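Asker: A single structure is presented below for examination.
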Amino acid sequence: MINVVDLMKLQPQSEHPHGLSDKDFDTLFTKDKPIIFAHHGYPMLIHRLTYRRTNHKNIHVRGFKEEGTTSTPFDMVVMNDLDRFHLVADVIDRVPSLGPRAAYAKQALRDKLIEHKQYIAEHGEDMPEIRNWKWSNPK
Amino acid sequence: MKMKTDALTPELLSKLNAYWRAANYLSVGQIYLYDNPLLKQPLKLAHLKPRLLGHWGTTPGLNFIYAHLNRVIKAHDLNVIYITGPGHGGPGLVANAYLEGTYSEVYPNISQDTDGMQRLFKQFSFPGGIPSHVAPETPGSIHEGGELGYSLSHAFGAAFDNPDLIVACVVGDGEAETGPLATGWHSNKFLNPVHDGAVLPILHLNGYKIAGPTVLARIPHDELEALFRGYGYTPYFVEGDDPDKMHQLMAATLDVVTADIRRIQREARANGFKKRPSWPMIILRSPKGWTGPKMADGKKTEGSWRSHQVPMGDMSHPGHVKVLAKWLKSYRPQELFDKTGKLRSELAELAPKGERRMSANPHANGGLLLNDLRLPDFRDYAVKVVKPGGALGEATRVQGEFIRDVIKRNSANFRVFSPDETNSNRWGAVFEVTDRCSTAEILPGDDHVAPDGRVMEVLSEHQCEGWLEGYLLTGRHGFFSCYEAFIHIVDSMFNQHAKWLDVAGKIPWRRPIASLNYLLSSHVWRQDHNGFSHQDPGFIDVVANKKAEIVRVYLPPDANTLLSVTDHCLRSRNYVNVIVAGKQPTPQWLDMDAAIKHCTAGIGIWPWASNDQGGEPDVVMACCGDVPTLETLAAVKLLRKHFP
Ligand SMILES: Cc1ncc(C[n+]2csc(CCOP(=O)(O)OP(=O)(O)O)c2C)c(N)n1
Ligand SMILES: [Mg+2]
């Protein structure tokens, strides 16, 4: 899992003094593995910044795609396919080696998204499992 | 108020007029002449530039004001910088910097002799030369005036915390039709005569824009006067077209205005701030293209929109060269410049000396005056994070505590600017040490509003941006806190500032200034309550278009990374730093040590959320921004559950 604080790191070194070298970029992002990139802003910006990188063809960016309204915080990300369930589905779609479990997992994700919509429509806030979500490391 | 008609002795009147003629001569020369700078030979088409690019119309007015400011600067030892809203009057500002010697000091090749004058003329709006506007290349400028509308905001930004400085600010009557300028007049409700300098707005009412009349030139006199009284100014009218009368009137008016400014400052500084003063301003109604050809091709030119750019654009037209020669000779250059081409000493004497010259005033090269901020140790504000996700925090609230102490330690060279969003973006802590600035009426129920507040809140992103730019360009530091969606309002101002930084960075005599720092909070993912109108993360797309040497974009995922980035931005120079960060309570990921390392690298693997140690991963999960980071971590957790 890679986190980007300084967006200009993504640009080639030749374009921005902060840019990562191609070698470092390839080490981080691999030369051929799928990349699921969850971006704060409009997805095109990530493509603009990385279009020359070796693995650019495998970068799949999620971000704001101009879906918005007054709703819940989690629904904002859901509307733009940037939520955890969509991100996992993106992984499943791109990693063939996940095997037969993938179909069950995808169905579970889809159900969660339906559950989410029903829950917020009734209660006006996000599901407790979203609101109270916590990170935990496997033991 | 009746003005004296004999403020100038006949001798001074004649000299002042000669100085103005010299500036006008040099301005026309820059626009038209390739060679034969002092008309030693009869003027021919071959002496002219093949392409004539520039703006004459506004220039004689700018030169008129400049010459008169020189007089009061010398008479009262004033510290003045000059901002020209109609920055297309570039030739005038270059001419004046040349006349007072600054130009040759910074560009020795443009010497004060005939050859130097020829190069001065040739280089203007010429490939490899200088731009047509009052660009960074122009000594004394902090305001290019290319994109119109920001002169007053820049002027007030320059005046804040500069008690000794007077910023003379020419506002074009066309420029005055823009939104930012219209709001800019209200800056007087934020200027405190105790510790701020003064702004002297001069509305340049030459009646026209490029091709049409201006609004303010076509409303009745009493309406115009009432408008500016309504804005809280005391307007002084200087109106006419007879040079001698106008010189007397302008001189008398500037004496009165200077006395007004000094009286206001003296009283406030002796007795403390009592009430908002009515600052003086000047309304200069004079012909556009004043002293230029009365007619060209049978059409009225002086006093008309036709003189906006280059009168008689096509010089091959029969008779045009003759008109130009007559025009140039009307300034009687042989009386102004000696045999070597140097301004005669009795005229050169009229200019102020050293750093009192507006073209050499260090405030207009702010880096010269820039001091480092006294920064508290940002690590002292760290959120305790024992394990990733183990604590909740509101990133911008924590940052606000840091900013509070930056304000506390830097009480005269750091301010915060915001369109009424300081609290909403969770910087409320700053109000423990300061207030919102207002010199207008304050009522008992107001929340932290005071005439010496360091938080500049006005509901105009344009004003916030312009003030901050003016403040930075004159050698100070600041932060702009804004809703992410509405920072787009100043896309274009950001563009202009980034261009300025880019060009200024390549000019050896310009010293680096503090970076322009944005905090964009209340961002797209947490505007669920305000809805679609408030959701737009696109400012960083605009920023990413700019030169790499100038722009930095940071999306710290939590409070400690935000602190580290903020500290870095406050130390940087000549950049535009954009920080996008959330204000809602969210899990915190990195302790301070990890945050510093992560921010120093700018990008990195979070090993505790990865499971590819030692091998190639099947998939790379990447994220940027606080909400995407949280969703990505939640996705990682789900993946581990479904695919252990
Ligand atoms: C924001 C913006 N819009 C349009 C222009 C194009 N423009 C250049 S000069 C000008 C007219 C300016 O008129 P005024 O402010 O009255 O200046 P002056 O008459 O002194 O030349 C215009 C519209 C511009 N430079 N900036
Ligand atoms: Mg005008």
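The values are calculated or read from the model by the stated rules, or taken from the named source; none is laboratory data. No experiment lies behind these values; they were computed from the predicted model shown. Positions of Cβ are generated from backbone atoms using ideal geometry, with glycine treated the same way; all protein chains shown enter the neighbour counts. Heavy atoms of the whole protein, side chains included, go into the accessibility calculation; ligands, DNA and RNA do not. Shrake-Rupley method; radii C 1.70, N 1.55, O 1.52, S 1.80 Å.
Every residue, every condition in (1) away from ligand 1 (no atom under 16 Å from the Cβ); (2) surrounded by fewer than 19 Cβ atoms within 10 Å (Cβ to Cβ), yes or no:
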| position | (1), (2) |
| --- | --- |
| B:I73 | yes, no |
| B:I81 | yes, no |
| B:G92 | no, no |
| B:D115 | yes, yes |
| B:E147 | no, yes |
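Asker: For the range B:594-641, name all the residues that are surrounded by fewer than 19 Cβ atoms within 10 Å (Cβ to Cβ) and in contact with a Gly (Cβ under 8 Å, 6 or more places away or on another chain).
Answerer: B:K597
Asker: Can I ask one more? Under the condition of being within 13 Å of chain A (Cβ to nearest Cβ) and open to solvent by 10 Å² or more (accessible area, probe 1.4 Å), which residue from the range B:486-530 is nearest to B:Y107 (Cα to Cα)? Break it down stepwise before answering.
Answerer: Going through the range B:486-530, the residues within 13 Å of chain A (Cβ to nearest Cβ) turn out to be B:487-488, B:505, B:520-530.
Remaining after also requiring open to solvent by 10 Å² or more (accessible area, probe 1.4 Å): B:488, B:505, B:526, B:528-530.
Working: B:H488: 38, B:G505: 16, B:R526: 52, B:D528: 56, B:H529: 57, B:N530: 54 Å.
Looking at the filtered set, the residue picked out is B:G505.
Asker: Another question, if that's okay. Only one residue in B:D612, B:D618 is in a loop (DSSP other than H, G, I, E, B) and at the interface with another protein chain (Cβ under 7 Å from one of its Cβ atoms), so which one is that?
Answerer: Numbers: B:D612 fails: at the interface with another protein chain (Cβ under 7 Å from one of its Cβ atoms).
Going through B:D612, B:D618 in turn, just one is in a loop (DSSP other than H, G, I, E, B) and at the interface with another protein chain (Cβ under 7 Å from one of its Cβ atoms): B:D618.
Asker: Right, another one. Determine whether the range B:311-331 contains at least one residue that is in contact with a strand residue (DSSP E or B) (Cβ under 7 Å, 6 or more places away or on another chain), in contact (Cβ under 8 Å) with a residue 60 or more places away in the chain and under 27 Å from B:G207 (Cα atoms).
Answerer: So the first thing to find is which residues in the range B:311-331 are in contact with a strand residue (DSSP E or B) (Cβ under 7 Å, 6 or more places away or on another chain), and the list is B:311-312, B:315, B:323.
Narrowing further to those that are in contact (Cβ under 8 Å) with a residue 60 or more places away in the chain: B:311, B:315.
Next cut, under 27 Å from B:G207 (Cα atoms) only: B:311, B:315.
Yes; the residues of the range B:311-331 include at least one that is in contact with a strand residue (DSSP E or B) (Cβ under 7 Å, 6 or more places away or on another chain), in contact (Cβ under 8 Å) with a residue 60 or more places away in the chain and under 27 Å from B:G207 (Cα atoms).
Asker: Can you find, within the range B:295-326, the residue that is nearest to the other protein chains (Cβ to nearest Cβ) among those that are away from ligand 2 (no atom under 16 Å from the Cβ) and farther than 19 Å from B:L45 by Cβ?
Answerer: Going through the qualifying residues, I end up with B:K299.
Asker: Has the range B:178-198 got any residue that is more than 14 Å from chain A (Cβ to nearest Cβ), in contact with a His (Cβ under 8 Å, 6 or more places away or on another chain) and either within 11 Å of ligand 1 (Cβ to nearest atom) or under 30 Å from B:I110 (Cα atoms) (or both)?
Answerer: yes
Asker: Further, regarding this structure: Can you tell me which residues in the range A:41-51 are open to solvent by less than 10 Å² (accessible area, probe 1.4 Å), free of Cβ contacts under 8 Å to residues at least 40 places away in the same chain and more than 7 Å from every other protein chain (Cβ to nearest Cβ)?
Answerer: A:I46 - this is the single residue of the range A:41-51 that is open to solvent by less than 10 Å² (accessible area, probe 1.4 Å), free of Cβ contacts under 8 Å to residues at least 40 places away in the same chain and more than 7 Å from every other protein chain (Cβ to nearest Cβ).
Asker: Of the residues A:A38, A:A121, A:A103, which is more than 8 Å from every other protein chain (Cβ to nearest Cβ), small (G, A, S) and open to solvent by less than 80 Å² (accessible area, probe 1.4 Å)? Reasoning before the result, please.
Answerer: Working: A:A38 fails: more than 8 Å from every other protein chain (Cβ to nearest Cβ); A:A121 fails: open to solvent by less than 80 Å² (accessible area, probe 1.4 Å).
None of the others qualify; the one that does is A:A103.
Asker: Identify all residues within the range A:1-31 that are more than 9 Å from chain B (Cβ to nearest Cβ) and outside any helix (DSSP H, G or I); write none if there are none.
Answerer: A:P12, A:Q13, A:S14, A:S21, A:K31
Asker: Does the range B:121-129 contain at least one residue that is crowded, with 24+ Cβ neighbours inside 10 Å, away from ligand 2 (no atom under 16 Å from the Cβ) and not in a loop (DSSP other than H, G, I, E, B)? Break it down stepwise before answering.
Answerer: Start the filter on the range B:121-129 by keeping residues that are crowded, with 24+ Cβ neighbours inside 10 Å, which leaves B:121, B:124.
Now restrict to residues that are away from ligand 2 (no atom under 16 Å from the Cβ): B:121, B:124.
This time we only want the ones that are not in a loop (DSSP other than H, G, I, E, B), so: B:121, B:124.
Yes, there is a match, as at least one residue in the range B:121-129 is crowded, with 24+ Cβ neighbours inside 10 Å, away from ligand 2 (no atom under 16 Å from the Cβ) and not in a loop (DSSP other than H, G, I, E, B).
Asker: Exactly one of these conditions fails for B:P220: (1) under 21 Å from the mean Cα position of the chain (by Cα); (2) surrounded by fewer than 18 Cβ atoms within 10 Å (Cβ to Cβ); (3) more than 15 Å from ligand 1 (Cβ to nearest atom); (4) not small (G, A, S). Give me its number.
Answerer: (1)
Asker: Might you let me know whether the range B:415-422 holds any residue that is among the basic types (K, R) and under 21 Å from the mean Cα position of the chain (by Cα)? Before you say what the answer is, go through the steps one by one.
Answerer: So the first thing to find is which residues in the range B:415-422 are among the basic types (K, R), and the list is B:415.
Next, only the ones that are under 21 Å from the mean Cα position of the chain (by Cα) stay: B:415.
Yes; the residues of the range B:415-422 include at least one that is among the basic types (K, R) and under 21 Å from the mean Cα position of the chain (by Cα).
Asker: Tell me which residues, restricted to the range B:191-221, are farther than 26 Å from B:V458 by Cβ, within 16 Å of ligand 2 (Cβ to nearest atom) and in a helix (DSSP H, G or I).
Answerer: If the condition is that a residue be farther than 26 Å from B:V458 by Cβ, within 16 Å of ligand 2 (Cβ to nearest atom) and in a helix (DSSP H, G or I), then B:A217, B:R218 are the ones that fit.
Asker: Output the residues belonging to the range B:24-42 that are of a type outside the set (V, I, T) and either open to solvent by less than 30 Å² (accessible area, probe 1.4 Å) or within 16 Å of ligand 2 (Cβ to nearest atom) (or both). Give the derivation first.
Answerer: Step one: list which residues in the range B:24-42 are of a type outside the set (V, I, T), which gives B:24-27, B:29-30, B:32-42.
Once the filter is applied, which keeps residues that are of a type outside the set (V, I, T) and either open to solvent by less than 30 Å² (accessible area, probe 1.4 Å) or within 16 Å of ligand 2 (Cβ to nearest atom) (or both), the range B:24-42 yields B:N24, B:Y25, B:L26, B:S27, B:G29, B:Q30, B:Y32, B:L33, B:N36, B:P37, B:L38, B:L39.
Asker: Would you list the helices (runs of 4 or more DSSP H) that sit entirely within the range B:305-375 and hold 1 or more residues that are more than 23 Å from B:P50 (Cα to Cα)?
Answerer: Details: elements: B:320-329, B:333-336, B:345-348.
Correct list: B:333-336, B:345-348.
Asker: If you don't mind, there's one more thing I want to ask. Based on what the data block shows, is B:I65 more than 16 Å from ligand 1 (Cβ to nearest atom), aliphatic (A, V, I, L, M) and touching a helix residue (DSSP H, G or I) at 6+ places or on another chain (Cβ under 9 Å)?
Answerer: Judged against the criteria, B:I65 is not a match.
Asker: Taking B:G475, is it closer than 17 Å to B:H154 by Cα and part of a loop (DSSP other than H, G, I, E, B)? Walk me through it before giving the result.
Answerer: Values: closer than 17 Å to B:H154 by Cα: yes; part of a loop (DSSP other than H, G, I, E, B): yes.
Yes, satisfied.
Asker: Under 7 Å by Cβ, and 6 or more places apart or on different chains, what pairs join a residue from the range B:273-294 that is within 14 Å of another protein chain (Cβ to nearest Cβ) with one that is in a strand (DSSP E or B) and more than 12 Å from ligand 2 (Cβ to nearest atom)?
Answerer: none
Asker: To continue, here is another question. So is B:K49 more than 16 Å from ligand 2 (Cβ to nearest atom) and surrounded by 14 or more Cβ atoms within 10 Å (Cβ to Cβ) or not?
Answerer: Values: more than 16 Å from ligand 2 (Cβ to nearest atom): yes; surrounded by 14 or more Cβ atoms within 10 Å (Cβ to Cβ): yes.
Against the criterion (more than 16 Å from ligand 2 (Cβ to nearest atom) and surrounded by 14 or more Cβ atoms within 10 Å (Cβ to Cβ)), B:K49 qualifies.
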